[in-house]
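This report concerns only the one structure given below.
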C-alpha cells in the first residue's frame, strides 16, 4: 500500500464522525472513496460536500447501504467496483451504542447493537473479501477501548466490541496468507456525533475524527512487512476527575 494515489476505499458509516474523518484523510492521499449510509440522502449529501472540499484530490461516491443486511453490503461493494474497478481498503466503521442497566436494556436494543457493531462488520468483510484478495488490500475495523474494558451499563456495547476485537484478530490470521492486512483500531473518547451527541469546545480534549484519519493514513503507508494488528488510542490529557 505504498502508492495510494487512485487506490479505492469503502468506508461504512462514512458520512460523519470517525468514518468521515478517515474519508477526508484518504482523499488527501489521492484515493477514491465510497462512503455508505443507511439513507441515500445522507450518503449523497456527504459525498457532494467532500467532493467540493477536496477538488484535485480523490473522488467520493455516496452509497445507500445497511451493514445489518448482507445483500446490502454486497451491493455496496458492487457499486464501488463498478465505479473504479477495484477495492483496496475496507474500513468497517459503522456502529452505534445502547447503554443501560441489563434490567432496562430491551431486546431490540441488544439486537441492534450486536447486529450493527459485530454482525455488520462480518457482513462487510464477507462481501468485500474476494475483491480484497485480488488487490491484496487492507481491512480496518473500528472497535473501541470498550472492547477490552467493561463498564456498568455497557453489556450490549461491551459484548459487541469485545466480540469485534476478537473477530478482527482471528480475521487477521485467516487472511494474511492472501496478502491482506487487518488492523483493529480501538479509540477511547472521541469527539463525534455518536448517540446524537453534538461536539463542542468542551470536547477539545478528546480524540478528534481527523486524528483517527491520520492514523489510518499512517498505517497504510507503513512498510508492508509490518502489521500493527491492534491499536489502542487514548486522549493524551483527559480531564481530572
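Derivation of every value follows stated rules applied to the coordinates shown; laboratory data play no part. Values in this document were obtained by computation on a predicted structure and should not be read as measured data. Every residue, glycine among them, receives a Cβ derived from its backbone with ideal geometry; neighbour counts consider all protein chains shown.
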- Does the chain come out rounded, prolate or oblate by the C-alpha gyration tensor, with a ≥ b ≥ c the root eigenvalues, rounded set by a/c under 1.5 and, if not, prolate when a/b is larger than b/c and oblate if not? rounded
- Task: Report, to the nearest 10°, how far helix 209-220 tilts away from the longest principal axis of the Cα atoms in the chain, using its own Cα long axis and a range of 0 to 90°.
- Result: 50 degrees
- Query: Once the Cβ-Cβ distance between residue 226 and residue 55 is put in as r, and R0 is 45 Å, what FRET efficiency do you end up with, to the nearest 0.05?
  - Reply: 0.85
- Extension gain residue 45-residue 173, at 0.36 nm per residue separation less the Cα-Cα distance, in nm? 42.3 nm
- So if we plug the beta-carbon distance of residue 130 and residue 69 into 1/(1 + (r/R0)^6) with R0 = 22 Å, what FRET efficiency do we get, rounded to 0.05? 0.75
- Under the classification rounded if a/c is under 1.5, otherwise prolate if a/b is larger than b/c and oblate if not, where does the stretch 49-97 fall, given a ≥ b ≥ c as square roots of the Cα gyration tensor eigenvalues? oblate
- Overall form of the stretch 1-138 per C-alpha gyration tensor (a/c, 1.5; a/b vs b/c): prolate
- Message: Test of understanding: what is the full-extension gain from residue 102 to residue 214, defined as 0.36 nm times their sequence separation minus their Cα-Cα distance?
- Response: 36.7 nm
- Could you work out how far helix 120-135 tilts from the main Cα principal axis of the chain, as a 0 to 90 degree angle to the nearest 10? 20 degrees
- Task: Pick out which of 161, 78, 55 has the largest mean-square fluctuation in a Gaussian network model of the chain, springs linking Cα atoms closer than 10 Å.
- Result: 55
- The helix 155-175 Cα axis meets the longest alpha-carbon principal axis of the chain at an angle in degrees, between 0 and 90 and rounded to 10, of 30 degrees
- Note on the structure: Only helices counted: for the chain, with every DSSP H run of 4 or more residues adding -39500 (n - 2.57) and the sum spread over all residues, [θ] at 222 nm is -13000 deg cm²/dmol
- Could you give the nm distance between label points at residue 189 and residue 204, where each point is 7 Å from its Cα heading toward the beta carbon? 1.4 nm
- Report the relative contact order of the chain, percent, no decimals, based on alpha-carbon pairs under 8 angstrom and at least 6 residues apart. 21 percent
